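The values are calculated or read from the model by the stated rules, or taken from the named source; none is laboratory data. Just so it is clear, the structure is predicted and the values come from calculations on it, not from any experiment. We place every Cβ from the backbone using ideal geometry, glycine too, and count neighbours over all the protein chains shown. The protein model used for the area step is the full one, side chains on, heavy atoms only, and it has no ligands, DNA or RNA in it. Shrake-Rupley method; radii C 1.70, N 1.55, O 1.52, S 1.80 Å.
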Amino acid sequence: MNDKRKEQVDRLENIWRKQDFSSFLKKFSSRPHLRIRAGNTIFYEGDQPEKLYFIKEGFVKLYRTSEEGRDTIIYLYGPGSVLGVRALTGKDRLLRHSAEALTEVTVVTIPRDEFIKAASEHPEILIDILHVFIERLNYTERKLEGFILTDSTARVASFLSDLAKRFGVRKNGKIDLPLSLTHQRIAEFVGSFRETVTISVNRLKKEGILKDDRGKITILDIKKLNEHALIKD
């Protein structure tokens, strides 16, 4: 078994390990970085982008708008995330959601034809794309279970635990969440009312699980947070 083959087998056996698109795009994408201001839309539902988006800096919400004009937030992306995978691999190549910058965002793109050419020469990148689908599937399943089986505090805890795992900055046993989160913004992500989220956050604060300083959240006890979220270590 040659070294390339061993590398691919190792990646498959450890597919849970976070993927690294930055080095891939640095090597294969020659396009200049896009800088997008907070509140601006990166792409709209129904677009046919013909490219992948890699978030180098900042945070993006993925959402869908109903016929009544109401937005439902689907997922939160941050540094290291890749967007547009479904449109890139789908038969109709259409985006199923819109994406909006929550903070100032730096994005790197790679056209579809360039990605396919690079992937044909370096098929290990396809394993990383598979990881993206698995990560989104796991999140969707947890979110669905939360709506069916748990209360609002569990849903809030699950959302914060997911952010801590993906984007949290660990320091002295604590985890800082790098994105400012008002109770209204949390409510939009967990599908609840702001007042209900406030009650849940205050409960978690009272139990010494987190600190909330005007939207800047620090996880003080990730183990207890996961217990509320019904997440097993």
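Okay, here's what the table says:
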{"quantity": "Mean residue ellipticity (222 nm) of the chain, computed from DSSP H runs ≥ 4 via -39,500 (n - 2.57), nearest 500", "calculated": "-13500 deg cm²/dmol"}
{"quantity": "Highest-MSF residue in the chain out of 214, 203, 35 [GNM, Cα springs under 10 Å]", "calculated": "214"}
{"quantity": "The range 120-136 residues near the modelled residue 27 label - backbone nitrogen below 19 Å, point 7 Å along Cα→Cβ", "calculated": "120-132"}
{"quantity": "Flagged links, alpha-carbon separation over 23 Å, of 171/224; 51/143; 91/117; 61/223", "calculated": "51/143; 61/223"}
{"quantity": "Length released on extending from residue 180 to residue 126, taking residue separation times 0.36 nm less the Cα-Cα span", "calculated": "16.1 nm"}
{"quantity": "Label-point separation in nm, residue 169 to residue 145, each point 7 Å along Cα→Cβ", "calculated": "3.1"}
{"quantity": "Calculated FRET value between residue 35 and residue 91, using beta carbons and R₀ = 35 Å, to 0.05", "calculated": "0.60"}
{"quantity": "Within a Gaussian network of the chain (alpha carbon springs, distance under 10 Å), most fluctuating of 78, 173, 215", "calculated": "173"}
{"quantity": "Rounded accessible area of residue 198 (nearest 10 Å², 1.4 Å probe)", "calculated": "30"}
{"quantity": "Accessible area of the range 61-163 belonging to carbon and sulfur atoms, whole % at 1.4 Å probe", "calculated": "53"}
{"quantity": "Solvent-accessible area, 1.4 Å probe, carbon plus sulfur percent, for the range 164-208", "calculated": "51"}
{"quantity": "Extension reserve of the residue 103-residue 216 stretch, reckoned as 0.36 nm per residue once the Cα distance is removed", "calculated": "39.3 nm"}
